[in-house]
Amino acid sequence: MGIIEKLVKQSGNPSGILGRIMVKIMNHIDSGLNKWLLEKINSPDGYALDIGCGGGETIFSLLKNNKLEHVVGIDRSIDSVNVAKRKNSFLINDGKAYIIQGSVMKLPFLENHFDIILAVRSHYFWDDFEKAFSEIYRTLKQDGKIFIFSEKYKIQYHMKKYRTDETMTCFLQRIGFKNIVIENKDTVQCITAYK
């Protein structure tokens, strides 16, 4: 396996020393994309889930800027979870953040649980898109909203089946989402939709 393949694998499921380095790099990179996310999300009494929370930069930004009341972070990488917990330790102690290891394929939450569910640079790593978005739909409250942020080139690289705005829109409609908007801004994309 070449270095590029190793780095791509580490981006999707960081582990070991290289994984911890990748998480720190992703935290730094996420800080730029989070500026757009902060413009989009403003629900000070909202309860949110951050899927693929990585090193916790998004959780930190949302709570620090009073954009949400409470954020749960979930990531399949225990190394990412540990970095995210350290970064957000004071927010966890204040009861504003909760971070766990787990999978989008089987979210450990009740139906109609979250006001907002978001994913920043993670959805293209999900193994089973249908199952993942069905779980998101299940745990989102009625009229709740999803936000999916990513670089466009990563969508083109990782997502052969849903790489166009049209195929993604049709897919989300089939799951049950409505009022779907896909915005492309420079090199990044934001998908928003309602349950």
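Calculate the dipole size of the range 39-192 relative to its Cα centre from +1 charges on Lys and Arg beta carbons and -1 charges on Asp and Glu beta carbons; express the result in debye to the nearest 20. Mind showing how you got there, number by number?
Working: 22 positive and 20 negative charges, 48 e Å.
The calculation lands at about 240 debye.
May I ask which of Lys35/Lys161; Lys152/Lys195; Lys87/Lys161; Lys96/Lys145; Lys85/Lys195; Lys40/Lys64 have a Cα-Cα span longer than 27 Å here?
Numbers: Lys35/Lys161 29 Å; Lys152/Lys195 24 Å; Lys87/Lys161 35 Å; Lys96/Lys145 20 Å; Lys85/Lys195 30 Å; Lys40/Lys64 15 Å.
Correct reply: Lys35/Lys161; Lys87/Lys161; Lys85/Lys195.
Identify, among Asn184, Gly144, Ser134, the residue whose Cα sits farthest towards the positive end of the charge dipole of the range 110-187, taking +1 on the Cβ of Lys and Arg and -1 on the Cβ of Asp and Glu, with the dipole about the Cα centre.
Farthest towards the positive end: Asn184.
Could you tell me which GluC sites (Glu not before Pro) in the range 95-195 are loop residues by DSSP with no more than 12 other beta carbons within 10 angstrom of their beta carbon?
Within the range 95-195, the qualifying GluC sites (Glu not before Pro) (loop, at most 12 other Cβ atoms within 10 Å) are Glu111.
Looking at the range 95-195 only, what percent of DSSP beta bridges run antiparallel? Nearest 5 please. Display every interim value, and only then the final one.
Details: 13 of 19 bridges.
If we restrict to bridges inside the range 95-195, about 70 percent are antiparallel.
No lab work stands behind these numbers, since they all come straight from the coordinates. In this text the structure is predicted, and so the values were computed from the model without any measurement. Reconstructed Cβ throughout: ideal geometry from the backbone, glycine too, with neighbour counts over all protein chains shown.
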